[in-house]
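Encoded as structure tokens, the structure appears first; notes follow it.
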Amino acid sequence: MSRPLTSGPLGPVTARRAGWLAVSAFALLAALALWVTLAPGHLLPADASLHHWSVVHRPAGAAAAARAVTDTGTAVIPYVVLLVVGLYVGRTARERCGVALALILCLGAGQALRYAVMSLIARPRPPVADWAAHASGWSFPSGHTATAAMTAALTIAALVLGGRRPSLLAIAVIGSWGVAVGLTRVYLGVHWFTDVVAGWLFAVGWVSLLVWAYLRWAPAGLRKEA
């Protein structure tokens, strides 16, 4: 049978890499937040140009498709996804419930932390006249982006650490969805591109931190062979 990455010598190596990835992602997020805060009009060069391109190249059909994708990154859908993943990864009824609950709590805590960062930066969104979808709150980091990326990363981490060994194609599909939701936020005109980049960095940092903590401190019984 397959072996999860948490068993054997790969465990400590994976933990160190996850820790460094978390530190790197959060450091880049802090640098980007400082850059945005100090920039004239809180805009970086790529923000205005990509926003303008999106508004100009947005026919009704493409906007409708983008809204369909963007809607999968919010509300109950990410939680349902993680519930299903948890039920799939667990091997007993108790494990299934425990994994599903842990994934849901990790996403909820990440969303709360992301909201705190957003409130602290308080960056205005693009002009309302350019919006092609509903939006609310401040802009940085993007909530849809961070939620979708966290959901994708938690899904992949749960499958790998649970010994399910997802294929490279499955990882690519899950990761592409997490990226696509973020890109739709720019295309729909409700976020600047750097909001989306910040959402990705936040998700990478948060999930990497969770993986590091799991590999370092989880009881041995939770990190057994599949």
Dimensions of the chain along principal axes (Cα, Å, largest first)?
54, 37, 27
Once phi is turned into ³J(HN,Hα) by the Karplus curve 6.51 cos²θ - 1.76 cosθ + 1.60 with θ = phi - 60°, what whole-Hz value does each residue of the stretch 187-198 show in order, with x for glycine and proline?
4, 7, x, 9, 9, 6, 4, 5, 4, 5, 4, 5
Taking the Cα centre of the chain as origin, work out the dipole magnitude from +1 charges on Lys and Arg Cβ and -1 charges on Asp and Glu Cβ, in debye rounded to 20.
740 debye
Once phi is turned into ³J(HN,Hα) by the Karplus curve 6.51 cos²θ - 1.76 cosθ + 1.60 with θ = phi - 60°, what whole-Hz value does each residue of the stretch 80-90 show in order, with x for glycine and proline?
5, 4, 5, 4, 5, 4, x, 5, 6, 6, x
Averaged per residue, the 1.4 Å probe accessible area of the stretch 112-222, protein heavy atoms only, in Å², is roughly 41 Å²
Multiply the residue gap between TRP217 and VAL128 by 0.36 nm, knock off their C-alpha separation, and tell me the result in nm, one decimal place.
27.4 nm
How far apart, in nanometres, would the label points at THR74 and LEU168 be if each is projected 7 angstrom from Cα along the Cα-to-Cβ direction?
3.6 nm
Percent of accessible area on the stretch 109-214 owned by carbon and sulfur, 1.4 Å probe?
76 percent
Accessible area of the stretch 16-55 belonging to carbon and sulfur atoms, whole % at 1.4 Å probe:
77 percent
Hey, could you get me the Stokes-Einstein D for the stretch 1-124, Kirkwood radius over alpha-carbon pairs, 4 °C and 1.567 mPa s, rounded to whole µm² s⁻¹?
70 µm²/s
Relative to the longest principal axis of the chain, what angle (0 to 90°, nearest 10) does the C-alpha long axis of helix 143-161 take?
20 degrees
Using label points projected 7 Å from each Cα along Cα→Cβ, tell me how many nm separate TRP20 and ARG94, to one decimal.
3.8 nm
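Taking only C-alpha pairs under 8 Å that are 6+ residues apart, what is the relative contact order of the stretch 52-123 in percent? Walk me through the numbers before you get to the answer.
Values: 29 pairs, mean separation 14.1, N = 72.
Averaging sequence separation for qualifying contacts and normalising by length gives 20 percent for the stretch 52-123.
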Going residue by residue through the stretch 20-37, the Karplus relation 6.51 cos²θ - 1.76 cosθ + 1.60 with θ = phi - 60° gives ³J(HN,Hα) values, rounded to whole Hz and with x marking Gly or Pro, of 5, 5, 4, 4, 5, 5, 5, 5, 5, 5, 5, 5, 5, 4, 5, 4, 5, 5
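The values are calculated or read from the model by the stated rules, or taken from the named source; none is laboratory data. Because the structure is predicted, anything quoted here is derived from the model rather than measured. Note: ideal-geometry Cβ built from the backbone for every residue, glycine included; neighbour counts use all protein chains shown. Protein only, heavy atoms only, side chains kept; ligands, DNA and RNA dropped before computing areas. Shrake-Rupley method; radii C 1.70, N 1.55, O 1.52, S 1.80 Å.
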